[in-house]
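**Student:** Before I ask anything, let me first share the structure, which is written out below as structure tokens.
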């Protein structure tokens, strides 16, 4: 790319090209660390899931899924949005750190006590005694995590994602190792809970070693009202979202049995794994990056639209290939005994594609402290989604997945309206930027489907069909992207120039802050 074109790109997308404040990493460096950490988490999670799927039965997996769903609802109460509260502040004072720590500790320990007491009644309700021990072990997270929330939030605000990478990757590996050990030792569904608790303990111990001054703070109630107002709205929003997602595990287990719950859990976790791998990584950087733009009086329109194109294209590509190659993916990852979840997986993947065009919207709204708009969106979406799950459960897993995905379409429309109200960016503006992405993804997925049918006719093994079909789709997708000059190609060229010093003068490259 000529130097003038690169300079024009930087001018058009100021959030990506702006120089970072002194001693702070750039947005691109932060995204690279965050994606690397999520990539490792994605791979480790898949490998762990593959191993555990062969050591535990669908019923055992369903028991843990039910326990995790109950605990996940409390998880949002534990965090109370206080990490985002600190990140969205223009200036973080010691008093704000102390009040955030105070609330985290009080809420986390209270939730732990409540869940401990509710574990046995929950086990009796579902006639599954092992639920009690699983929930009790998961309560350890609520005791430990408050000691790390403020420290990690301040690392995120400073965009020190290199240190976060070390912290989270180490805890992930420890948790995965304990999970596999527990499954091999015959601890059944409890092994998954032990791995989760070991991961939380690792985070706290590492923070004590790396940043001992950030773990403990002297409690205070000064500034409590402001923190409660922000955290309350954001927590209620996320709590409703958690209810929406995790109510499916309760509904499936109660209406269709634990085996169906295991099938639903595998399908939803595989779809959610890409969210954890990619979107969560980008969102972790997007919120402080949009906050930085606000502090430097930069417009958000172009950065938001550009980032949306990159993120939505990646999501569409993954989920489109997952729809086409669902049989092969399930067979390879979990084995032939899990093939019944294929249609559910495909429907949920289509639903995830519907959300992609606005997947960065909540990060942008949080950076502007627009938590009320997020709450309004969730208040409309949650009842519709839960109603769809309940109606679908009376028929089949496929019906549940279909109605759940339909509710996500309504959520897309409401979210688009909120983004237009706050930032003046309409869904039409987003759609106009995504036309090239749609052409790339549709073409690549179509070629992948054709190659899959050809390889299946030749009687090849599932892994061969998957490898050949995905390779063909990727080659065609890259070719079409190059031909249509997709923004991902521009970003890739920019990265190559930055890494290998090709073409652009040094002063031009350094101006990007990358």
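**Student:** Based on the Cβ-Cβ distance from residue 484 to residue 280, what FRET efficiency comes out when R0 is 35 Å, to the nearest 0.05?
**Tutor:** After rounding, the FRET efficiency stands at 0.75.
**Student:** Another question about this same structure. In nanometres, what is the gap between the two model label sites at residue 254 and residue 57, each 7 Å from Cα along Cα-to-Cβ?
**Tutor:** Label at residue 254, label at residue 57, 2.4 nm between them.
**Student:** Here's another thing I want to ask about it. Please grab the % of Cα pairs in region 219-296 that end up more than 18 Å from each other.
**Tutor:** I get 66 percent for the Cα pairs in region 219-296 exceeding 18 Å.
**Student:** Turning to a different aspect of this structure: Over all directions, average the projected area of the Cα convex hull of region 146-248 and note it in nm².
**Tutor:** Projected area, direction-averaged: 8.7 nm².
**Student:** Work out the P(r) tail for region 224-361: percent of alpha carbon pairs separated by more than 21 Å, whole number.
**Tutor:** Pairs farther apart than 21 Å: 55 percent.
**Student:** Sequence gap at least 6, Cα distance under 8 Å: using those rules, report the relative contact order of the chain to the nearest whole percent.
**Tutor:** Relative contact order of the chain: 21 percent.
**Student:** For region 391-468, what is the convex hull volume of its Cα atoms per residue in Å³?
**Tutor:** 140 Å³
**Student:** Give, as ranges by residue number, the residues of region 211-228 whose backbone N falls under 18 Å from the point 7 Å along Cα→Cβ of residue 40.
**Tutor:** 211
**Student:** Could you give the nm distance between label points at residue 117 and residue 226, where each point is 7 Å from its Cα heading toward the beta carbon?
**Tutor:** So the label points at residue 117 and residue 226 sit 3.4 nm apart.
**Student:** Need the full-extension length gain, residue 368 to residue 208, defined as separation in residues times 0.36 nm minus the C-alpha distance. One decimal, nm.
**Tutor:** Taking residue 368 through residue 208 to full extension adds about 54.4 nm, to one decimal.
**Student:** So how much slack lies between residue 414 and residue 216, counting 0.36 nm per residue of separation and subtracting their Cα-Cα distance, in nm?
**Tutor:** That works out to 67.2 nm of additional length.
**Student:** Please state, rounded to one decimal and in Å, the Kirkwood hydrodynamic radius that the chain gives when every pair of distinct Cα atoms enters the mean of 1/r.
**Tutor:** Roughly 24.0 Å, rounded to one decimal.
**Student:** Ok, one more. By its C-alpha gyration tensor, with a ≥ b ≥ c as the square roots of the eigenvalues, how is region 327-401 shaped: rounded for a/c under 1.5, else prolate for a/b larger than b/c, else oblate?
**Tutor:** Cα axes put region 327-401 in the oblate bin.
**Student:** Tell me the mean residue ellipticity at 222 nm calculated for the chain from its helices only (DSSP H runs of n ≥ 4, each -39500 (n - 2.57), averaged over every residue, nearest 500).
**Tutor:** After summing the helix terms and dividing by residue count, I get -27000 deg cm²/dmol.
**Student:** Let me ask another. Calculate the length of the line joining the C-alpha centroid of region 375-444 to that of region 257-274, in whole Å.
**Tutor:** Between the Cα centres of region 375-444 and region 257-274 lies a distance of 20 Å.
**Student:** Now for a different question. Using only the alpha carbons of region 113-160, what is the convex hull's orientation-averaged projected area in square nanometres?
**Tutor:** Mean shadow area of the hull around the Cα atoms is 4.2 nm².
**Student:** Report the calculated FRET efficiency for residue 433 and residue 72 (r = Cβ-Cβ distance, R0 = 35 Å), to the nearest 0.05.
**Tutor:** 0.55
**Student:** Follow-up. Sketch the reach of a paramagnetic label on residue 453 as a point 7 Å from Cα along Cα-to-Cβ, and name the residues of region 307-348 whose backbone nitrogen lies under 18 Å away.
**Tutor:** Counting only backbone N, you get 321-328.
**Student:** Something else: Subtract the Cα-Cα distance of residue 170 and residue 390 from 0.36 nm times their separation in residues, and report this length gain in nm to one decimal.
**Tutor:** Stretched fully, the residue 170-residue 390 segment lengthens by 75.2 nm.
The numbers here are math on the coordinates, done by the rules we state, and not lab data. From a predicted model like this one, the values you see are computed outputs, not experimental measurements. FYI the Cβ positions are ideal-geometry reconstructions off the backbone, even for glycines, and counts take in every protein chain you see.
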